[in-house]
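Okay, so here's the structure we're looking at.
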Amino acid sequence: MPPLHKELMNEDLEENPVMYLDGGMETTLDLQGKPTDRTRSGRWKACSFLFAYEALERMAWLMLASNLVNYLQESMRDSQKVATRSVTNWVGVSHVTSLFGGYLADAYLGRFWTICVFSGVYLVGLLMMTMSVSIPALKPETCVDSSCADPTSAQVGVFYSALYVVALGTGGVWPCISAFGADQFEDREASEKSMRNSYFNWFFLTGAVGSLTSHTVLVYAQNNVNDQWRFGVPTISLSSALCVFLFGVSLYRFKQPKGNPLVKLAQVIVAAFRKRRVLLPLDDSRLYEERDLSKHKLAWSDAVAPSPPPPSSSRKLCHTSSFRCLDKAAVIDTIRIVDGTARIPLSRWRLCPVTQVEELKMVLRMAPVWMGTLMFNVVKAQVPTLFVQQGQAMDRRVPGSDLWVPAVSMQSAVALTVLFSIPIYDLVLVPLAKRYSGNERGLSLLQRMGCGMLLSVAAMVAAALVETRRLEAAARRGARPLSIFWLLPQFVLEGLGEVFTSVGQLEFFYDQAPDGMRTLGAALFVSNFGAAVFFDSLLTTLVDHITGDSRWIHSGDLNGGHLNYYYWLLAAMASVNLVLYMLSAICYRYKKVDTSCPSMDSRSFEWNASELGLMQKPTLFNHIQALKVADLQSPGKSPLKVLAS
């Protein structure tokens, strides 16, 4: 190995412990930057603190979100339409900002510190909201004898500023907490990889615990306490979550950020574009990979790359045949002979290793899956909105008693379904399916998501049938309204859909993302719901505009509308989307690390004649491709002399 390259490798291994060593195991650190003892860190013990954080944080956010529409109507004097639109926009932004948080975690801060920083931002936003409903100067005046004064611009400004500070905080917390939990398991160790496959199920279950708690506590809070407690309880809940998270710091495994992922993707695009006229080699094994420098004793060209980029900390990936145009970024189009040594003028903006090219391909392959799962979340967005409005127009009495069921509490049926279904799925269904499929997860990730999307279609069909029957009952004079318990099938089906699709979606985007983009992968899962919320808002607006006076949705009175038609529309759209998703799933190729790739030891470097202007002469070019580096390194031979021979 040339001294320059050997020195670089040693220094990089000492200064940057985030390296994949010979066994393929990534070095993890403790908070002081020292290698962790794998027998005493990570795994389920560390995840228990993250599960507690997730349950408490989920409870805080859902209690806040469920209170907002009523507060905006009662205190901010907004109409129902304006209040609903404001909350919808806030929910969408809260999820889409996860892309920003995921980027910061992967590029600069790391997942742990991103959680700490953005939890603090999150908590500041909740404190501001609590203060805005507690301090007289910030709190809108209460109505007196049906006379209601509008809130001042300062009061509105403080409240909405606090609201979007919370949205910024969630953007850093949500993608990082799930990915940080997955970091506690080493996926290259068989026993821990099996644990990690189960981790996402149990992580989602703890979120359902928080959801169930919020929907039960919320009902009491809305009827028995004032605004200070309605916003104070979420603040207390998040403060407790942050304390629990910090208590577990001695057990966590930390992985350092691997550099700006967007720059790495851009380098592949630029390098491929700059070499768009270069012919691809007939043998894909001739494409450049970083380890080839040591295999073939090549040196860096000091004149072109005096400070060569360090070896990547990502695992090496197998070459795939998709997006062949990007492979040109890994073609070596220049080799210079300096002092009898073959030197490659290496710049990542000119030459990228195969692994870096494959990482961009992985992102492109995930895009259709992201689009394909969007419709599932559009259906999911109906649960806290139209499903609840549907329940408010029904008979909410418990049969045989004087008890009433608040319509908002019907959402607890989704959480209960998740709580009961996940243990059955993980402990019963997965082992059974594993026997027949041979897949370590029972069902593949894409199969799992497809099953949930089918259940989502069934939920919309059930909702449409129940709404049709409810409208028929409401049209009959003297007929008793339909019982709210007729809504249980659609809530249960949606809960089952989340067990399959939502959990599978989170695991898919984390597992299939490049090693240096796994927080962004989790952010793709979170942002998918935000995009679905915005799409649903646009869809309802278009439907209301097209249907005119016979509005299907926002008619003011559900008995005078046709909500069942809108449900049928969603069912049809979800069905068509499912077919398209299945097609993209069939074409998808899962990530493969190079332990299963052909050996790279036999690779021999090629050089091509782009600098000699021979790219338009395929016959001569193919002859040049067969030249070995050993020929180029022969004493007294230059590329032109070798070519002449």
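The values are calculated or read from the model by the stated rules, or taken from the named source; none is laboratory data. In this text, all values refer to a predicted model and were calculated from it rather than measured experimentally. Because the Cβ atoms are built from the backbone with ideal geometry, glycine has one as well, and the counts that use them run over all protein chains shown.
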Can you tell me how many residues in the range 573-584 are of a type in the set (Gly, Ala, Ser) and within 12 Å of LEU454 (Cα to Cα)?
-> 2
If we scan the range 131-154, do we find a residue that is assigned by TED's automatic domain parsing to the domain that holds VAL69, over 30 Å from LYS592 (Cα atoms), of a type in the set (Val, Ile, Thr) and assigned to a helix (DSSP H, G or I)?
-> no
Only one residue in ARG435, ARG469 is outside the structural domain of TYR199 (by TED's automatic domain parsing), within 29 Å of TYR510 (Cα to Cα) and not aromatic (Phe, Trp, Tyr), so which one is that?
-> ARG435
Just one listed residue, out of ALA433, ALA458, ALA474, ALA464, is in a helix (DSSP H, G or I), surrounded by fewer than 22 Cβ atoms within 10 Å (Cβ to Cβ) and modelled with pLDDT of 95 or more, and it is ALA458
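Across the range 436-455, which residue is modelled with the lowest pLDDT among those that are among the polar types (S, T, N, Q) and either surrounded by 19 or more Cβ atoms within 10 Å (Cβ to Cβ) or in a helix (DSSP H, G or I) (or both)?
Going residue by residue through the range 436-455, those that are among the polar types (S, T, N, Q) are 437, 439, 444, 447.
Next, only the ones that are either surrounded by 19 or more Cβ atoms within 10 Å (Cβ to Cβ) or in a helix (DSSP H, G or I) (or both) stay: 437, 447.
On the way: SER437: 82, GLN447: 93.
Out of the qualifying residues, it is SER437.
Condition check ((1) under 26 Å from the mean Cα position of the chain (by Cα); (2) more than 30 Å from LEU262 (Cα to Cα); (3) modelled with pLDDT under 85) across all residues:
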residue	(1), (2), (3)
LYS81	no, yes, yes
THR88	yes, no, no
VAL93	yes, no, no
GLY101	yes, no, no
THR114	yes, no, no
GLY120	yes, no, no
MET131	no, yes, no
LYS139	no, yes, yes
ASP150	no, yes, yes
Given the conditions (1) over 14 Å from PRO384 (Cα atoms); (2) out of contact with any Phe, Trp or Tyr (no Cβ under 7 Å at 6 or more places or on another chain), which single one is not true for SER66?
-> (1)
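Can you tell me which residue in the range 523-540 is surrounded by the fewest Cβ atoms within 10 Å (Cβ to Cβ), limited to those that are touching a Lys or Arg at 6+ places or on another chain (Cβ under 9 Å) and not polar (S, T, N, Q)?
Kept after step one, since they are touching a Lys or Arg at 6+ places or on another chain (Cβ under 9 Å), are these residues of the range 523-540: 529, 532, 537.
Still in the running and not polar (S, T, N, Q): 529, 532.
Numbers: PHE529: 24, ALA532: 22.
Within the range 523-540, the match that is surrounded by the fewest Cβ atoms within 10 Å (Cβ to Cβ) is ALA532.
For the range 400-418, enumerate the residues that are without any contact (Cβ under 8 Å) to a residue 60 or more places away in the chain and not aliphatic (A, V, I, L, M).
Initially, the range 400-418 is screened for residues without any contact (Cβ under 8 Å) to a residue 60 or more places away in the chain, giving 400-404.
Answer for the range 400-418, where residues must be without any contact (Cβ under 8 Å) to a residue 60 or more places away in the chain and not aliphatic (A, V, I, L, M): GLY400, SER401, ASP402, TRP404.
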Within the range 381-421, how many residues turn out to be in a loop (DSSP other than H, G, I, E, B), surrounded by fewer than 16 Cβ atoms within 10 Å (Cβ to Cβ) and touching a helix residue (DSSP H, G or I) at 6+ places or on another chain (Cβ under 9 Å)?
-> 2
